[in-house]
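A.B. asks: After the structure tokens below, expect a handful of questions from me.
The values are calculated or read from the model by the stated rules, or taken from the named source; none is laboratory data. Just so you know, these numbers come straight off a predicted model, no measurement behind them. Using ideal geometry, Cβ is built from the backbone for each residue, glycine included, and neighbour counts are taken over all protein chains shown.
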């Protein structure tokens, strides 16, 4: 079992959850709920892994809160 970190946002226009795996080309999807998004992302990642081990362009490190006056 492998794990990939996904970034998840909510589109203000459609209300859909949108997720992607940073640095993993093609590893993105959307869903009406977080559960649906998770399922869709898992399906996409499984499909992409069928083509072999991915070359990750970047590595997710974390998030930061930036305060401005």
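A.B. asks: Identify all residues within segment 4-13 that are part of a loop (DSSP other than H, G, I, E, B) and under 17 Å from residue 57 (Cα atoms); write none if there are none.
C.D. replies: 4, 5, 6, listed by residue number.
Yes/no matrix, rows are residues, columns are (1) outside any strand (DSSP E or B); (2) modelled with pLDDT of 95 or more; (3) touching a strand residue (DSSP E or B) at 6+ places or on another chain (Cβ under 9 Å); (4) closer than 22 Å to residue 58 by Cβ:
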{"position": "2", "(1), (2), (3), (4)": "yes, no, no, yes"}
{"position": "15", "(1), (2), (3), (4)": "yes, yes, no, no"}
{"position": "22", "(1), (2), (3), (4)": "yes, no, yes, yes"}
{"position": "29", "(1), (2), (3), (4)": "no, yes, yes, yes"}
{"position": "38", "(1), (2), (3), (4)": "yes, yes, yes, yes"}
{"position": "43", "(1), (2), (3), (4)": "yes, yes, yes, no"}
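A.B. asks: Would you be able to tell me the number of residues in segment 8-47 that are surrounded by 14 or more Cβ atoms within 10 Å (Cβ to Cβ) and more than 13 Å from the chain's Cα centre (by Cα)?
C.D. replies: 1
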